[in-house]
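The values are calculated or read from the model by the stated rules, or taken from the named source; none is laboratory data. Keep in mind that what you see is a predicted model, and the values were worked out from it rather than measured. As a convention, Cβ positions derive from the backbone with ideal geometry for all residues, glycine included, and neighbour counts pool all protein chains shown. These accessible areas exclude ligands, DNA and RNA; they are computed on the full protein's heavy atoms, side chains included. Shrake-Rupley method; radii C 1.70, N 1.55, O 1.52, S 1.80 Å.
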2 protein chains.
Amino acid sequence: MTAVLVPLLAALWVFSPSSFATTSNGSGEINALPIPVKYTTGSKAACLADSFSIQFDSDVPADLSAASDRVLERIKKSQHTYLTTTSGTEFFPSLKCESEVTELRLSLSSDHSLSIFDLAIKPVEERKGLEDYTLTIPTSGAATATASTALGLFRAITTFENLVFKIDFSLPSSPGVAEGGDTAYLPFTPYHIDDAPAFHWRSILLDTSRHFFAKQSLFKLLDTMSAVKLNVFHWHITDSQSWPLALNELPELAAKGAYTPRKTYSEQDVAEIIQFAGERGIDVVMEIDTPGHTTVIGNSHPDMIACNTHKPWTGWANEPPAGQLRFADPAVTAFTSRIFSAAIKLTKSAYFGTGGDELNEQCMDADQPTQRVLKANGWTLNDALKNFTAETHGTLLSAKRTPMVWQEMVLAHGDLELDKNTIVDVWISSADVGAVLDKGFRLVHASSDYFYLDCGQGGWITENVGSNSWCDPFKAWTRMYSFNPYTNVTAVQRPLVLGGQASLWCEQTDETNFETVMWPRAAAVAELWWSGGNADGTFPRSAVDALPRMHDMRYRLVEKGVRAEPLQPEWCAVHPGRCVLGG
Amino acid sequence: MTAVLVPLLAALWVFSPSSFATTSNGSGEINALPIPVKYTTGSKAACLADSFSIQFDSDVPADLSAASDRVLERIKKSQHTYLTTTSGTEFFPSLKCESEVTELRLSLSSDHSLSIFDLAIKPVEERKGLEDYTLTIPTSGAATATASTALGLFRAITTFENLVFKIDFSLPSSPGVAEGGDTAYLPFTPYHIDDAPAFHWRSILLDTSRHFFAKQSLFKLLDTMSAVKLNVFHWHITDSQSWPLALNELPELAAKGAYTPRKTYSEQDVAEIIQFAGERGIDVVMEIDTPGHTTVIGNSHPDMIACNTHKPWTGWANEPPAGQLRFADPAVTAFTSRIFSAAIKLTKSAYFGTGGDELNEQCMDADQPTQRVLKANGWTLNDALKNFTAETHGTLLSAKRTPMVWQEMVLAHGDLELDKNTIVDVWISSADVGAVLDKGFRLVHASSDYFYLDCGQGGWITENVGSNSWCDPFKAWTRMYSFNPYTNVTAVQRPLVLGGQASLWCEQTDETNFETVMWPRAAAVAELWWSGGNADGTFPRSAVDALPRMHDMRYRLVEKGVRAEPLQPEWCAVHPGRCVLGG
């Protein structure tokens, strides 16, 4: 095994992209999204040799080898052209290849033998360095990628794939997106890339309860996440509306709670999804939201649910159907622990989500069984919640899993004495970040004012006059991209910011439209958390600079069969810099 | 030919749906969308006989016969179940069919021999009565539909199709949308329906310039429009960004103006699209927007375009690229007439859209060639526009086509002395309706504050801080449905209100997402303009009452392969009445 670190003068390195002059496509001289943290590029287009291959200097884990096969196959199949009106012919004055990249050689610079999967599920505090890589692509000859782990090499080949374009030398130039071509090339060789993620928690949340998503849809989501180096899938698998998780130990939950027998995830399905994700560098963090968001448990265990489908739901829940666990009841607490215990056996992540959002107090106050328990124990509702949480979280901690909760669990119910490693998702507002940090918890930025993909679809609770989305307006990618992770964060608190998440709650989303709602906006979120801020550490980066990369990625995704929505008229995609304010 | 008018007691008729008790699915006892204007239903489910067929009492036009074949095929193929947690089994206490509808017999009550196509392209003032039909479906035996035209019978079989559900008697009930079944039935026989549209202009606008839509996508759109009885396709075929219309007489426009050679509509394509639409009861009104929204003409005729792709575009156009026809120039006027002349030869409609929106005065004020013409003639810009309009509209009028324009042509440029038959699309605001009517013009409601499908997708002009849609917020279907066509309309002006339109401008929409953006919202618009107001003439109808119909249509569309977005969690679709405010 040989480390192939290319010697470079430090002065040549450019911290992207602030100090770069823009080129013909306006993106700086690199098209990869997320943009590498450190890179230089040249000015010569180099074709991929017909015999181009990906080689390894040593034995590598099977999942890296498989990933490399997939990249090769996709490069071969792709017809993606450079987004200018000349479709990339501007790089080939003689309209033919003048030099060739013969292979991509991958080297592990350490004796790290872990698979991509093994590395993806490492606890977040151990992730530093695991995704780092260098990638050198000459104008002619062998390209090389070096990393200390298989995960780093996986990130390297992903970057490589996204630098490759196709060209058809016989094609006339046109003002739109060309039909594609057969010749693969890289426009700006030589490339020297030294990359590492700024944050180690780069997440997508999908809710599979309001609507069911078949396994194949999740595979496609995970594949797309890996194309932009997202590394956590926050799987909000159950909620009040349906219970698709078919647990062998508690089969009644899905038998009576899934929308239909087909709309379930068997334990085998869950294993396949986790395997598929892990092989693509993604940690699957399953969430079973409790004690709220659990009405559907009442289908099989009506005695465990307070105000079960109460009419009206208004006032008794944030959305229909009303109903939540009688968490003061020791039997309910024990049952919840059994659910968690059964579920975590299926997962490989160090983390498990327990929810804790939107507890409805009116429901508990009116619930006689709950009130009897409180009275008998001299408890407040918060006392009961603390007890419930201690026991159910205890189940996770015993199994060496760290809980992940929504912000109310540290801000809304007094001190629940959560384990200090608990990860808190901030969702209500980015203004709540400081309060969470002041309590010493690590957090993931997932606030609805920036990162909710479902905002702006109109109010879905039907009223005769129409209504707006509760978190209106729609969050454009530029809004998401403009987020500063360190606003109201002290220097000493910065390490508590693990990263961020784009969340897709599925009241108005199912398999028909989820890709449109998610992509390419989530790609902007991926860049925010991978690439971090400007060279001087400030946020945000320029969305105007990122726009050509976003267009490029969007057309790449569409070509892969992902229904990513267009950002602008096609005219804009091929006229870089012309569809910006004042442009 | 025999008129099969079923005798009915007037007292049995119900003017939908205000006086109806709701049933298990909360929709009143009829599921068709748009809801028929007048109907009664029974309480017995009747299956379709295995030998079920659609028969005609006489020779009928070929396009009606073909439409009936399509309906039969779709009924056979459909797996759509009734949206309750019991999936329709509630209609069959014995879990088997107890009576059968043997056939649907269609009768023309007049000797009207025109095809659906011939009828669809009749001028709007001649459309009254052409779509009317009666439909009677007994619990057992032959169903009958009667109309005075093939178009009326086409509407009747469309209604029939949307009343049919499938059931699988072996299926357990479930809380979600069932997997479908093989047995076709109608839940509430006997049905007696006497239907007629309230408005005769029920339109969708699609912009095929910001992004190109292949012919097959337009076919699918037209098919879906016909399923909800929309009758006008406003085809905004060109704009500043691309010119996909390949005119044989002026080939340079598309040769240099289409995004790519494939992204064009040949004259044959246009003919096929118009034919496909006509056979489905849809009039294709083509629009070539002038004198603004024409930058792309500068690709082939740079001398005809003022401020052609001016940098910055800001201030010089409402969106990039800047550039519009030098309409003061007699050569440009003559050229525009040639374009219209070539285009109208391709169309069959009585109408042709000439645009007239968003003229940029700064561009013309700064354009030396334009200023020279104005000075030479002693003209104001409005004088020049009047001259341009008189000539170009004259071309249409000579060819017996009525112009359709955007509201600025009657409100923003003085009196342009338009032909009094000109149809005006109100788009800027519904508040402008009165001003248009006061000038005596007929109008189509297409205002952005109610009917723009593209609002709320976020600002697409890229800025570093993110921005909102100019016409934020997103228009939920309930907002669209809440529109009152007669607000600020005097009794005497009411006949000037032809109907309405849902418009989809495609800056952020292409083939990947257009179905999601359009459906099922446009189905609510279809009902608004077909079904009209409540029995007492007031608007709006209740969206809460319409919700089950909207869910039903949405799932029908998805089953047909249309990516209509979900309105609510699936739980809500099968729990009618539970996901409304206070429900």
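Some notes on this structure:
- In the stretch B:431-569, the inverse of the mean reciprocal separation of distinct Cα atoms equals 16.3 Å; this is its Kirkwood hydrodynamic radius.
- Members of the stretch B:438-460 that become less accessible by 50 Å² or more once partner protein chains are added (1.4 angstrom probe, chain alone as reference): B:Trp460
- Accessible carbon and sulfur surface of the stretch B:446-583 relative to its total accessible area, %, 1.4 Å: 53 percent
- Pseudo-label separations to other copies for A:Lys311 - Cα-to-Cβ vector, 7 Å, nm: 6.6
- Label point of B:Glu249 (7 Å along Cα→beta-carbon): distances to the other copies' equivalent points are 7.8 nm, sorted ascending.
- Buried on assembly, the stretch B:315-335 (at least 10 Å² less accessible surface than by itself, 1.4 Å probe): B:Pro320, B:Pro321
- B/A buried area, accessible surface, summed, 1.4 Å probe, Å²: 5900 Å²
- Whether the stretch B:201-531 is rounded, prolate or oblate, judged on the alpha carbon gyration tensor where a/c under 1.5 counts as rounded: rounded
- Rounded to two decimals, the Cα-based Rg/Rh of chain A, with Kirkwood Rh, is 1.00.
- Here the accessible area is traced with a 1.4 Å probe on the protein chains. For the stretch A:10-195, carbon and sulfur cover 51 percent of it.
- A simple rule links phi to the HN-Hα coupling: the Karplus curve 6.51 cos²θ - 1.76 cosθ + 1.60 with θ = phi - 60°, which for the stretch A:377-384 gives 9, x, 9, 8, 4, 5, 4, 5 Hz, with x for Gly and Pro.
- Dipole of the stretch B:10-195, positive end: most advanced residue of B:Ser53, B:Thr89, B:Asn31 [Cβ charges, Cα centre]: B:Thr89
- At least 20 Å² of accessible area lost relative to the chain alone, listed for the stretch B:553-573 with a 1.4 Å probe: B:Arg554, B:Arg563, B:Glu565, B:Pro566, B:Leu567, B:Gln568, B:Pro569, B:Glu570, B:Trp571
- Residues whose amide H lies under 5 Å from that of A:Tyr265, counting only those 5 or more places away or on a different chain, are A:Leu245, A:Ala246; hydrogens are built 1.01 Å from N in the peptide plane.
- Using a 4.7 Å Cβ-Cβ cutoff, the cysteines of chain A lacking any partner cysteine are A:Cys506.
- Cα centre as origin, Lys/Arg/Asp/Glu Cβ charges: chain B dipole, Debye: 320 debye
- Estimated from helices alone, the mean residue ellipticity of chain A at 222 nm is -8500 deg cm²/dmol (sum of -39500 (n - 2.57) over DSSP H runs with n ≥ 4, per residue).
- When both the stretch B:70-140 and the stretch B:518-541 are represented by their alpha-carbon centers, they are found 20 Å apart.
- Computed with a 1.4 Å probe over protein heavy atoms only, the accessible surface of the protein assembly as shown comes to 32 Å² per residue.
- Shape of the stretch A:491-552, Cα gyration tensor, a/c cut at 1.5: oblate
- The stretch B:178-204 and the stretch A:373-442 have Cα centres separated by 52 Å.
- Secondary structure note: in chain A, about 30% of the DSSP beta bridges are antiparallel.
- Mean separation of Cα contacts under 8 Å, 6 or more apart, over the residue count of chain A: relative contact order %: 16 percent
- Its convex hull of Cα atoms gives the stretch A:10-195 a direction-averaged projected area, equal to a quarter of the hull surface, of 11.1 nm².
- Peptide ranges B:299-311, B:277-289 listed from the most packed, as the mean C-beta count within 10 angstrom indicates: B:277-289, B:299-311
- Charge dipole (debye, nearest 20) of the stretch A:201-531; +1 at Cβ of Lys and Arg, -1 at Cβ of Asp and Glu: 640 debye
- Furthest towards positive pole of dipole, B:Ala390, A:Tyr185, B:Leu359, structure part the protein assembly as shown, Cβ charges: A:Tyr185
- Spatial separation of Cα centroids for the stretch A:551-569 and the stretch B:233-280, in angstrom: 24 Å
- Spatially proximal aspartates and glutamates relative to B:Lys38 (Cα-Cα < 19 Å; intrachain offsets below 8 disregarded): B:Glu29, B:Glu131, B:Asp132, B:Glu161, B:Asp194, B:Asp195, B:Glu527, B:Asp536, B:Asp545
- Global form of the stretch B:132-233, assessed from the alpha-carbon gyration tensor, a/c cut-off 1.5: oblate
- Long-range Cα-Cα pairs in the protein assembly as shown (distance over 55 Å), rounded percent: 22 percent
- Charge sum, other residues only, whose C-beta stays under 12 Å from B:Lys76's C-beta, Lys/Arg counted +1 and Asp/Glu -1: -1
- Residues whose placed amide H lies under 5 Å from that of B:Thr314, excluding near-sequence neighbours: A:Gly582, A:Gly583
- For the protein assembly as shown, share of DSSP beta bridges that run antiparallel, in % to the nearest 5: 30 percent
- Quarter of the Cα convex hull surface for the stretch B:41-92, i.e. its orientation-mean projected area (nm²): 5.3 nm²
- Here the dipole of the protein assembly as shown is about 120 debye; that uses its Cα centre as origin and unit charges on the Cβ of Lys and Arg (positive) and Asp and Glu (negative).
- Shortest-first nm distances, A:His112 label point to equivalent points in other copies (7 Å, Cα→Cβ): 7.5
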